[in-house]
Amino acid sequence: MTLQVLTANRLDTGDVVFWSGQAWVEQFADAERFDAPEPGDAALATAKAQPTLLVDPYLIDLVADGSAPVSFRERIRALGPTDHMELGKQAMGGEAIAAIQHAHGAARSTGRLSLIRRKP
């Protein structure tokens with residue numbers, strides 16, 4: 001089983017958020033990691049029951065050590081805007097941000113693929 005994190009966007013601001021096990025947080029490093037399908041699926045079902053708060057919640061796959069998303073797209077979402085290093089979440093710096101910035105691979109997240117396949 002691949003480690004996963006639950007992500008979505010806030011409806012009111014568009015900000016990328018991650019489920020921490022207690023609440024939605026903006027920092028990837030604070031996200032709860034799921035190492036089995038059941039808890040991740042349960043968190044996803046809870047998120048989908050809050051349609052007025054979130055847009056398209058889904059699970060994303062993480063690299064083996066859980067330090068970064070597998071998908072390049074999800075790494076960009078976790079870092080914020082990529083047009084300048086002093087903007088977005090990446091401006092905070094630190095080990096968690098560095099791990100995302102130096103992660104490799106361009107595979108798609110299985111959770112995102114399921115979301116894409118579901119749409120007509």
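Within region 1-15, the set of residues being outside any loop (DSSP other than H, G, I, E, B) and under 15 Å from residue 62 (Cβ atoms) comprises 4, 5, 6, 7. The set of residues in region 22-74 being more than 19 Å from residue 9 (Cβ to Cβ) and of a type in the set (Phe, Trp, Tyr) consists of 34 alone. Selection within region 22-70: residues that are acidic (Asp, Glu) and either under 24 Å from residue 96 (Cα atoms) or touching a Lys or Arg at 6+ places or on another chain (Cβ under 8 Å) (or both). The member of this set that is surrounded by the fewest Cβ atoms within 10 Å (Cβ to Cβ) is 65. Here residue 32 meets the list (1) in a loop (DSSP other than H, G, I, E, B); (2) under 14 Å from residue 58 (Cβ atoms) almost entirely, failing just condition (2).
When each of 43, 36 is tested for being in contact with a strand residue (DSSP E or B) (Cβ under 6 Å, 6 or more places away or on another chain), touching a residue at least 12 places away in the same chain (Cβ under 8 Å) and farther than 15 Å from residue 77 by Cα, the lone residue that passes is 43. For region 6-21, filtered to residues that are among the aliphatic types (A, V, I, L, M) and out of contact with any Phe, Trp or Tyr (no Cβ under 6 Å at 6 or more places or on another chain), the residue that is surrounded by the fewest Cβ atoms within 10 Å (Cβ to Cβ) is 11.
Every read-out reported here was derived from the displayed coordinates using simple, explicitly stated rules and does not represent laboratory data. Since this is a predicted model, take the numbers as computed values, not measurements. Every residue, glycine as well, gets a Cβ built from its backbone with ideal geometry; the counts of neighbours run over all protein chains shown.
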